[in-house]
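Here the structure is laid out as structure tokens; the discussion comes afterwards.
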Amino acid sequence: EDESEEEPKLKYERLSNGVTEILQKDAASCMTVHEKFLALGTHYGKVYLLDVQGNITQKFDVSPVKINQISLDESGEHMGVCSEDGKVQVFGLYSAEEFHETFDCPIKIIAVHPQFVRSHFKQFVTGGKKLLLYERGWMNRWKPSVLHEGEGNIRNIKWRGHLIAWANNMGVKILDMISKQRITNVPRDDISLRPDMYPCSLCWKDNLTLIIGWGNSVKICSVKERHASEMRDLPNRYVEIVFQFDTEFYVSGLAPLCDQLVILSYVKEISEKTEVECCARPRLDIVQPLPESCEEISSDALTVRGFQENECRDYHLEYSEGESLFYIISPRDVVVAKERDQDDHIDWLLEKKKYEEALMAAEISQKTIKKHKILDIGLAYINHLMEKGEYDLAARKCQKILGKNTELWEFEVYKFKEIGQLKAISPYLPRRDPVLKPLIYEMVLHEFLESDYEGFATLIKEWPGDLYNNTIIVQAVVDHLKKDPQNRTLLRTLAELYTYDQRYGRALEIYLTLRHKDVFQLIHKHNLFSSIRDKIVLLMDFDSEKAVDMLLDNEDKISIDRVVEELENRPELQHVYLHKLFKRDHHKGQRYHEKQISLYAEYDRPNLLPFLRDSTHCPLEKALEICQQRNFVEETVYLLSRMGNSRSALKMIMEELQDVDKAIEFAKEQDDGELWEDLILYSIDKPPFITGLLNNIGTHVDPILLIHRIKEGMEIPNLRDSLVKILQDYNLQILLREGCKKILVADSLSLLKKMHRTQMKGVLVDEENICESCLSPILPSDASKSFSVVVFHCRHMFHRECLPVSNTVSSVQFCNICSAKHRGPGSAVLEMKK
């Protein structure tokens, strides 16, 4: 079938059981549907009550000829039947109530009041040449009245609420039973069609919406209330056609489906063999009404029995409102159409091999589907993908579909093995909750080991070591290494396997051989310091920086002495270790400082001078000897100066380095007048040196000492600029001194004013204060007596009479307590008298 075919909206099945038996001997002429049962009329005058499965529950012999119509009230307790021989019967299915009448013409249609079960609604209408209304009145007598006549046979009646719609040869009328007024007349469109061969189809969608199908025309009519101002002599209701459209074929039946329509169509086509018009299979269409057209939603051709001999009038469409069930009735067949549910939708998707969509639909509707299981759909999907050769996608789907079902997982893995696709499923095998049998994982690992070392290594790295038997896999790797001993991938993987198996020593050996970056992590993680005591050189060769950091961080596990001893034959590595040790702590490796002098001199001269400056444990004589042997001038100068031989150091700078700037800098550091004198003497016959001295000596030595010694006539480069700089430096010194003097004077004055303000403040004297001499309260108990108190700025207080008489010329007195310590600010007197 075409893959792009749209999914049908309805599903179909034949009504079987008792119906099959009936239609083998008889032919269906009409049927009425109730939510509890079905009523089927036949050409031989029988009426059968059926359950929804088609089983016969009751049989009535009504007439020897064709049953034209069966009508049921809403309760399903009363039934009306009319036949081709003019008989009309209305009776209770569960009561003795009954009406019989025989007319002199065929009665084509009957409709009982929807509320016939209620006593004041005992009404029904019949249609033959006249439209008759029967009402039960006084003494239970039935009174007929003519509602309409003169326009040919009445061929269809539908009663809903208070409205009766009927169709005759001229058109469709609607009667309001409340007002007993006819409120509309809808004429038929195509008068060329015989009304007995192409009968009108009527259907009430609700109490106010009537659907009319006649020929190939469909109208949807709405009954509306007329405004009081428009009534005059008109009925209080009117009908408006809200939708109208033509169909491709002839309408045999109508039914509502939400806001859509279900249309049963009679189809004629030209035979390819005889080129004569013949009957084709009837169609059941679902359409969406539009104001002047319709949109086809779905269309199905139905293979009913005997469709080749059927006419338009032989088909009927009945429906059950509550369940969306549609019954297609033909003389030899009754077909039931149902709305498709999710199970049907999934069936269709599976039939079209749309497994992904089917799986999604099942997951969304897993609470409502009854026929399908998500797992079964998923397994079918996996099989389908494997048949198509999409092994990776099939393996990926296993994760979601198989979930935690270990048996299914193992079954699927073996299926992948059978087709040689274990590699495809390996990334998706569960590793935790659930865990499969070790054999499954080992089988996959062996597959990779035979053909893909890199893939094997990846799995070993990703899979936890407890998924498989580690010993078996180790042995398999060892066997492969016998064929290829230098294979780095296998060696690296074997090291990881040894690590999982806690054989860290073997793993470490392999990592060191491979110079693998994880070697340090392995040592730290598993505390393998005892295993690396004799492998320090290997570690240093691999990554000296990481190795040294690790060794220094773990001095308690591998001592400094052990490391130095191991590196004895590799002095360059020994230097790296001792240098970093010294940078961390200047004192820890002090016993090796003498050795480090030679190591720095040999491998790292730039750090020799900083080492000599920072170390307090290296022997200076040994260092001087090495530096002099190697002609390390800067280091020798430093050592000479440190040993107190500054003049030799200065001489070496001047003679060896010929660098006046360094000589001046050295003299500044030593701050020794004799050095400056030596420097001047050495430079006096060297004009470039004199220039350097003139530019830098001004702040440390009087430049006159140098200038007086310059020989007359000597050409000195940039002499003018040097003299200008000396004068500028001198002026700058004068300015700085004056500035400092001003700052000192300003600060002194500010502090003096502050002290004066402080001394001018009053001092609180109260009853709690005492005389520092007699220790009595400073204030007398009798305030009326005169007294004299002396208060000093140091806050010591005395009675006047308790102070000794001063022998000094000045009358200023000082605090005895403070004067005993020192005479200073605050000891002067502040006298208070009363």
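Here are a few things to note about the model shown:
- In plain terms, the chain from N569 to I710 could stretch by 44.9 nm, reckoned as 0.36 nm per residue minus the Cα-Cα distance.
- Expected-Rg normalisation [2.2 N^0.38 Å, Cα atoms] applied to the range 178-234: 1.40
- Mean sequence separation of contacting Cα pairs (under 8 Å, at least six apart), scaled by the length of the chain, corresponds to a relative contact order of 4 percent.
- Under 5 Å between amide hydrogens, built in the peptide plane, is the criterion, and for I241 it picks out S222 among residues at least 5 positions away or on other chains.
- For the listed residue pairs K9/K224; K129/K224; K461/K535; K525/K546, the alpha carbons are over 21 angstrom apart in K9/K224; K129/K224; K461/K535.
- Among (i) 27.3, 91; (ii) 60.6, 170; (iii) 37.6, 107, the entry that matches Rg and Dmax of the Cα atoms in Å as calculated here: (ii)
- In terms of Cα atoms, the Rg and Dmax of the range 94-183 work out to 13.0, 39 Å.
- Residues K417, K158 in ascending order of nearby Cβ atoms (within 10 Å, fewest first): K417, K158.
- Once you reduce the range 609-676 and the range 714-745 to the center of their Cα atoms, the two points are 31 Å from each other.
- Estimated D of the range 249-322 in µm² per second, where Rh is the Kirkwood radius over Cα pairs and Stokes-Einstein applies at 37 °C, 0.692 mPa s: 246
- Taking only the C-alpha atoms of the range 341-434, the Rg (one decimal) and the largest Cα-Cα distance, Dmax (whole number), read 13.7, 40 Å.
- Under a model in which nothing but the beta-carbon of Lys, Arg (+1) and Asp, Glu (-1) is charged, the chain shows a dipole of about 2920 debye around its Cα centre.
- Positive minus negative residues near R305 (Lys, Arg vs Asp, Glu; Cβ under 9 Å): +1
- Across the cross-link table entries K268/K352; K268/K354; K354/K397; K36/K173, which are compared at the Cα atoms, the separations over 24 Å belong to K268/K352; K268/K354; K36/K173.
- Label-to-label distance, nm, for residues given as H586 and Q733 (7 Å Cα→Cβ offset): 3.4
- Net +/- balance of residues flanking I473 in space, Cβ distance below 11 Å, scoring K and R +1, D and E -1: -4
- Viscosity 0.890 mPa s, 25 °C: Kirkwood-radius Stokes-Einstein D of the range 136-232 over Cα pairs, µm²/s: 166
- FRET efficiency, I419 to L93 (Cβ-Cβ, R0 60 Å, nearest 0.05): 0.35
- Nonlocal amide H pairs with N153, under 5 Å, H built at 1.01 Å: N169
- Taking L744, L551, L620 and counting other C-beta atoms within 10 Å, the order from fewest to most: L744, L620, L551
- Centroid-to-centroid separation of the range 6-28 and the range 158-221 [C-alpha atoms, Å]: 28
- Computed log₁₀ I(q)/I(0) - Debye formula, equal Cα scatterers, no solvent, the range 435-681, q 0.07, 0.09, 0.10 Å⁻¹: -0.43, -0.59, -0.65
- Phi to ³J(HN,Hα) by Karplus 6.51 cos²θ - 1.76 cosθ + 1.60 over the range 235-243, Hz, x for Gly, Pro: x, 6, 10, 9, 10, 10, 7, 8, 9
- Given their separation in residues at 0.36 nm each and the Cα-Cα distance between them, R757 and K662 gain 28.7 nm when the chain is fully extended.
- Relative contact order, percent, the range 18-252 [alpha-carbon distance under 8 Å, six or more residues apart]: 9
- Share of Cα-Cα pairs in the range 456-526 lying beyond 16 Å, as whole percent: 43
- On full extension, the segment bounded by V765 and L514 gains 81.2 nm, given 0.36 nm per residue less the C-alpha separation.
- Pair-distance distribution of the range 580-663: all C-alpha pairs, bin width 5 Å, starting at 0; shares per bin in whole percent are 3, 15, 27, 23, 16, 9, 5, 1.
- Note on H587, H162: ascending count of other Cβ atoms within 10 Å places them as H587, H162, the fewest first.
- Cross-link partners for K122 among the lysines, with Cα-Cα distance under 21 Å and sequence neighbours closer than 8 places in the same chain left out: K87, K108, K130, K143, K158, K180.
- Near the amide H of E97, within less than 5 Å, lie the amide hydrogens of G92, all on another chain or at least 5 residues away, with H placed in the peptide plane.
- Dividing the convex hull volume of the alpha carbon atoms of the range 17-94 by its residue count gives 71 Å³ per residue.
- Theoretical FRET efficiency, 1/(1+(r/R0)^6), r = Cβ-Cβ of Q629 and E655, R0 25 Å, to 0.05: 0.85
- Using just its DSSP H runs of length 4 or more, each adding -39500 (n - 2.57), the chain gives a mean residue ellipticity at 222 nm of -11500 deg cm²/dmol after division by all residues.
- Note on T616 and Q24: their simple-model spin labels are 12.2 nm apart, each label 7 Å out from Cα toward Cβ.
Taken together, the values in this text are just the output of simple stated rules run on the coordinates, not laboratory data. Here the structure is a predicted model, which is why all the values come from computation and not from measurement. Quick reminder, even Gly has a Cβ in these numbers, built from the backbone with ideal geometry, and neighbours come from all protein chains shown.
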